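Participant: Below: one structure in structure tokens.
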Amino acid sequence: MSKNKTIALLLILGAIGVMIPYSILTITFDYPDILREASGTILTKFHDGGAALILTWLAFALLGLPLLVAYSMIGHKLEDLQPSMRWVTTVGIISVVVQLIGLLRWVFVVPVLATDYITATDPASREAAIVGFKVIHQFGGVLLGEHLGQLFTIIWTVFTAAALQKEGIIPKWLAYWAYIASLIYLLAQAELLDTVIPRLPVIGIAGFLGSTLWLVWIILVGIRFLGQEEEHTETVDSIL
């Protein structure tokens, strides 16, 4: 299989792989709205979800891993032509890793805290579970998974879209799609700051809309790489 086709399949599979468990979580766990509920409410609902909910979070974390390989391959493809893309590739890889860590807290940490909360026989034990959840949720979720993960994804998207357009791999309209999706996604950072600066103006739909537009953009870029198969064979061979 050619490298262009491999990149295309990795992008498409990674985007769809994220969409499926995300959609399941919106139905079974009221995600992402539940993230801003009281800790006790989250822990109770999580415990009620049982093993099926834990496995859904595991799928959410792992099914996006093809994007990690795709980022690396795209970077390798562009770095010889645009050396500045090396740091962009690094940022993209970090974005996937920190989001992976953030998501896996639901698999290996939250289940323990949820069980402790539900089975606690005294208020002090329940409060200890809540405090533990708040710490891991704010650090692993808000700081790593959402803030750094999303911010680094936005940086990777903007610079990669510009580089792909410059090399003629994607058209101008698809590059502007990336810029608009990134801007909307960036507005979602206000919701994260609202967790520590109350009453900060927040656009509630920004996170969902920005991430959805971004996932569609990833799929469209994957389709463009499939289209490059015959059109840029000689160029790709010389680059890779």
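Participant: Look at the range 160-177 and say how many of its residues are aromatic (Phe, Trp, Tyr) and either in contact with a His (Cβ under 9 Å, 6 or more places away or on another chain) or buried (at least 21 other Cβ atoms within 10 Å of the Cβ) (or both).
Facilitator: Counting residues in the range 160-177 that are aromatic (Phe, Trp, Tyr) and either in contact with a His (Cβ under 9 Å, 6 or more places away or on another chain) or buried (at least 21 other Cβ atoms within 10 Å of the Cβ) (or both) gives 0.
Participant: Turning to a different aspect of this structure: Could you pull out every one of the helices (runs of 4 or more DSSP H) wholly within the range 135-240 that has 2 or more residues that are within 14 Å of the chain's Cα centre (by Cα) and at pLDDT 95 or above?
Facilitator: Helices (runs of 4 or more DSSP H) meeting the threshold: 149-166, 172-187, 206-231.
Participant: Mind listing just one residue for me: the one in the range 1-26 that is of a type in the set (A, V, I, L, M) and under 22 Å from Glu191 (Cα atoms) and, of those, surrounded by the fewest Cβ atoms within 10 Å (Cβ to Cβ)?
Facilitator: Met19
Participant: In the range 91-120, what residues are hydrophobic (A, V, I, L, M, F, W, C), in contact with a His (Cβ under 7 Å, 6 or more places away or on another chain) and surrounded by fewer than 23 Cβ atoms within 10 Å (Cβ to Cβ)?
Facilitator: Passing the criteria: only Ile118.
Participant: So if I check each of Ser39, Ser23, which one is hydroxyl-bearing (Ser, Thr, Tyr) and touching a residue at least 12 places away in the same chain (Cβ under 8 Å)?
Facilitator: Matching residue, one of Ser39, Ser23: Ser39.
Participant: Now for a separate question. Could you tell me whether any residue of the range 27-34 is touching a Gly at 6+ places or on another chain (Cβ under 9 Å), without any contact (Cβ under 8 Å) to a residue 40 or more places away in the chain and among the aromatic types (Phe, Trp, Tyr)?
Facilitator: Yes, the range 27-34 has at least one match.
Participant: Specify the residue that is farthest from the chain's Cα centre (by Cα); the eligible residues are those in the range 116-134 that are in a helix (DSSP H, G or I) and acidic (Asp, Glu).
Facilitator: Selected residue: Glu127.
Residues are listed down the side, and each one gets a yes or a no for (1) in contact with a helix residue (DSSP H, G or I) (Cβ under 8 Å, 6 or more places away or on another chain); (2) aromatic (Phe, Trp, Tyr):
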site: Trp87; (1), (2): no, yes
site: Ser95; (1), (2): yes, no
site: Val98; (1), (2): yes, no
site: Ile101; (1), (2): yes, no
site: Leu113; (1), (2): yes, no
site: Asp116; (1), (2): yes, no
site: Thr119; (1), (2): no, no
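Participant: Collect the residues in the range 4-35 that are among the charged types (D, E, K, R) and either in contact with a helix residue (DSSP H, G or I) (Cβ under 8 Å, 6 or more places away or on another chain) or modelled with pLDDT of 95 or more (or both), keeping them in residue-number order.
Facilitator: Listed by number, the residues that qualify are Lys5, Asp30.
The values are calculated or read from the model by the stated rules, or taken from the named source; none is laboratory data. Since this is a predicted model, take the numbers as computed values, not measurements. FYI the Cβ positions are ideal-geometry reconstructions off the backbone, even for glycines, and counts take in every protein chain you see.
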